[in-house]
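Data first, discussion second: the structure below is written as structure tokens.
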Amino acid sequence: MKVMKFGGTSVGSPERMKSVCQLVTKSGEPTFIVLSAMSGTTNSLVEISDYLYHKNPEGANEVINRLEEKYLAHVEELYSTDEYKVKTREFILDEFKYLRSFTKELFTSFEEKSIIAQGEIMSTNMVVNYLKEQGVNAILLSALDFMRTDKNAEPDPTYIKEKLTKVMEENEGYQIYITQGFICRNAYGEIDNLQRGGSDYTASLIGAALGAEEIQIWTDIDGMHNNDPRVVDKTEAVRQLHFEEAAELAYFGAKILHPTCVQPAKFAGIPVRLKNTMDPDAPGTIIDNVTVKGKIKAVAAKDNITAIKIKSSRMLLATGFLRKVFEIFESYQTAIDMVATSEVGVSMSIDNDAHLNDIVDELKKYGTVTVDSDMCIICVVGDLDWSNVGFETLATDAMKNIPVRMISYGGSNYNISFLIREADKARALQSLSDTLFKK
């Protein structure tokens, strides 16, 4: 069985929903489908929640009314029979009645998550009803029955596998199984969500639980490109990536995939394929545990980086100095991207400056602190094991005309990273493409 996930743009209109249904039924084989909310819906639901948080039910009702009108129009366009128009219209009306109920009661973060979950609930109901109208043997399985996080807000794979296996055994014989991405229950049984990776994470967890032959992530892009097509000319889709390479690219700016979402598939040894709903025949990108020796695959960039340097000739060699520095970042829940050390100083980069002033104040206890803002991390990914003589030279040669603040190499066999000014990002990406991927 394959697991196929479709994002918000893929189900963003009645026409798109019909195209997705044609795709998932094409093979005639049993398939498990994970759907996001229709594009724009989650933003509207967040806006509704925001109005309610600010005790403005009138503002919330305005957004609810607009969204309801949009969905009712979609129902008229999506279905061809009165039976399914009536059935789905009644479901949609009940959904918006439920949303309006929140305008009359005390609002908390738990209610917010219940509101946001309705986007996926509506999209999956609309699609399964369309499939049934077309005579497809399809069933909707509620993600809230088997997707759960633990007390640390991380997915609980043992629980998910146990519950999903039981659900599938109770519902054998269907061609199409559909569920919601993103949403789940937490360890206390409350409606929650997976946050990082969202629906992609759901698909990876389901694929691992079912032992799927392949997990497909369908978006509006033809796989992961070897550079940022918004900045660089003539980029190409990368046809194969190792899981570690994909994670590096995702972490350092390739927005098509979240770095954590493929981990369940990686550990289960299940390949993940990135596909384009606008061009379904394109091969896309396959992500698996295969390393292609001696090849640089792609370049990515991560913006909004801040570099912090602490210089202390009297403290750096003292036992526990680095531990004290890192504990400051940990206390403010601020992750560090890159680290470089010398005899008299240590430099670090962060992508979250919410607590920057507090962090700098505490670091001043241990040395002189300087901060560089508006920085960017450029990441070169591939088989960059140190035994591949000259690969690091090839990358640094491409950066010879770009001022480089920091370099990170050796922490991974798949990545060499450069910290530069954001103003130099476009030149750096183009130069790396011209040097690394020239024909």
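Look through segment 420-439, keep the residues that are more than 25 Å from the chain's Cα centre (by Cα) and among the basic types (K, R), and return whichever of them is most open to solvent (accessible area, probe 1.4 Å).
Per the criteria, the residue is K439.
Working only within segment 231-245, note down all residues that are part of a loop (DSSP other than H, G, I, E, B) and either within 19 Å of K293 (Cα to Cα) or at pLDDT 90 or above (or both).
V231, V232, T235, E236, V238, R239
So, in segment 148-176, exactly how many residues are touching a strand residue (DSSP E or B) at 6+ places or on another chain (Cβ under 7 Å) and free of Cβ contacts under 8 Å to residues at least 40 places away in the same chain?
4
Among the candidates I215, I221, I183, I176, which residue alone is over 13 Å from the mean Cα position of the chain (by Cα), of a type outside the set (D, E, K, R) and open to solvent by 30 Å² or more (accessible area, probe 1.4 Å)?
After applying the criteria, what remains is I221.
Within segment 265-323, which strands (runs of 3 or more DSSP E) (wholly inside it) include 3 or more residues that are closer than 30 Å to S349 by Cα, of a type outside the set (S, T, Y) and in contact (Cβ under 8 Å) with a residue 12 or more places away in the chain?
Counting at least 3 such residues, we get 296-311.
So is A250 in contact with a His (Cβ under 9 Å, 6 or more places away or on another chain) and not in a loop (DSSP other than H, G, I, E, B) or not?
yes
Looking at segment 367-383, can you tell me whether even one residue there is free of Cβ contacts under 8 Å to residues at least 40 places away in the same chain and more than 23 Å from Q430 (Cα to Cα)?
no
Does S19 satisfy being among the polar types (S, T, N, Q), open to solvent by 30 Å² or more (accessible area, probe 1.4 Å) and free of Cβ contacts under 8 Å to residues at least 60 places away in the same chain?
no
Given the criterion on the phi > 0 side of the Ramachandran plot and touching a helix residue (DSSP H, G or I) at 6+ places or on another chain (Cβ under 9 Å), identify the matching residue among K266, K234.
Numbers: K266 fails: on the phi > 0 side of the Ramachandran plot.
Just one listed residue meets the conditions, K234.
Conditions first: (1) outside any strand (DSSP E or B); (2) over 15 Å from A265 (Cα atoms); (3) touching a strand residue (DSSP E or B) at 6+ places or on another chain (Cβ under 7 Å); (4) among the hydroxyl-bearing types (S, T, Y). Y188 passes all but one, so which condition is the exception?
Against the list (1) outside any strand (DSSP E or B); (2) over 15 Å from A265 (Cα atoms); (3) touching a strand residue (DSSP E or B) at 6+ places or on another chain (Cβ under 7 Å); (4) among the hydroxyl-bearing types (S, T, Y), Y188 comes up short only on (3).
Please enumerate the residues belonging to segment 149-162 that are open to solvent by less than 70 Å² (accessible area, probe 1.4 Å) and not acidic (D, E).
T149, A153, P155, Y159, I160
Condition first: in a strand (DSSP E or B) and either among the small types (G, A, S) or at positive phi (or both). Now tell me which residues in segment 176-185 satisfy that.
none
Filtering segment 296-342 down to residues that are open to solvent by less than 50 Å² (accessible area, probe 1.4 Å) and hydroxyl-bearing (S, T, Y), which residue is modelled with the lowest pLDDT?
Result: S312.
Look at segment 101-138 and say how many of its residues are of a type in the set (V, I, T) and in contact with an Asp or Glu (Cβ under 9 Å, 6 or more places away or on another chain). Break it down into steps so the answer makes sense when it comes.
At the first step, the residues of segment 101-138 found to be of a type in the set (V, I, T) are 103, 108, 115-116, 121, 124, 127-128, 136.
Filter again for in contact with an Asp or Glu (Cβ under 9 Å, 6 or more places away or on another chain), leaving 103, 121.
Of the residues in that region, 2 qualify.
From the list S10, S44, S49, pick out the single residue that is under 21 Å from the mean Cα position of the chain (by Cα), within 27 Å of E112 (Cβ to Cβ) and either at pLDDT 95 or above or part of a helix (DSSP H, G or I) (or both).
Every option except S44 fails the conditions.
Quick one: in segment 29-44, which of the residues that are touching a residue at least 12 places away in the same chain (Cβ under 8 Å), out of contact with any Asp or Glu (no Cβ under 9 Å at 6 or more places or on another chain) and not small (G, A, S) is surrounded by the most Cβ atoms within 10 Å (Cβ to Cβ)?
Taking the candidates together, the pick is I33.
Kindly indicate whether T81 is among the polar types (S, T, N, Q), open to solvent by 40 Å² or more (accessible area, probe 1.4 Å), touching a helix residue (DSSP H, G or I) at 6+ places or on another chain (Cβ under 7 Å) and modelled with pLDDT of 95 or more. Steps first, please.
Details: among the polar types (S, T, N, Q): yes; open to solvent by 40 Å² or more (accessible area, probe 1.4 Å): yes; touching a helix residue (DSSP H, G or I) at 6+ places or on another chain (Cβ under 7 Å): yes; modelled with pLDDT of 95 or more: yes.
So T81 passes the test.
Every residue in segment 360-419 that is surrounded by fewer than 16 Cβ atoms within 10 Å (Cβ to Cβ), of a type in the set (D, E, K, R) and within 25 Å of the chain's Cα centre (by Cα), please.
D374
Could you list, in sequence order, the residues of segment 194-211 that are outside any helix (DSSP H, G or I) and modelled with pLDDT of 95 or more?
If the condition is that a residue be outside any helix (DSSP H, G or I) and modelled with pLDDT of 95 or more, then G211 is the only one that fits.
Going through segment 122-146 one residue at a time, which ones are surrounded by fewer than 21 Cβ atoms within 10 Å (Cβ to Cβ) and within 30 Å of H54 (Cα to Cα)?
Answer for segment 122-146, where residues must be surrounded by fewer than 21 Cβ atoms within 10 Å (Cβ to Cβ) and within 30 Å of H54 (Cα to Cα): just L144.
The values are calculated or read from the model by the stated rules, or taken from the named source; none is laboratory data. Just so it is clear, the structure is predicted and the values come from calculations on it, not from any experiment. Glycine gets a Cβ as well: all are built from the backbone with ideal geometry, and neighbour counts include every protein chain shown. Areas reflect the complete protein model, heavy atoms only, side chains present, ligands, DNA and RNA absent. Shrake-Rupley method; radii C 1.70, N 1.55, O 1.52, S 1.80 Å.
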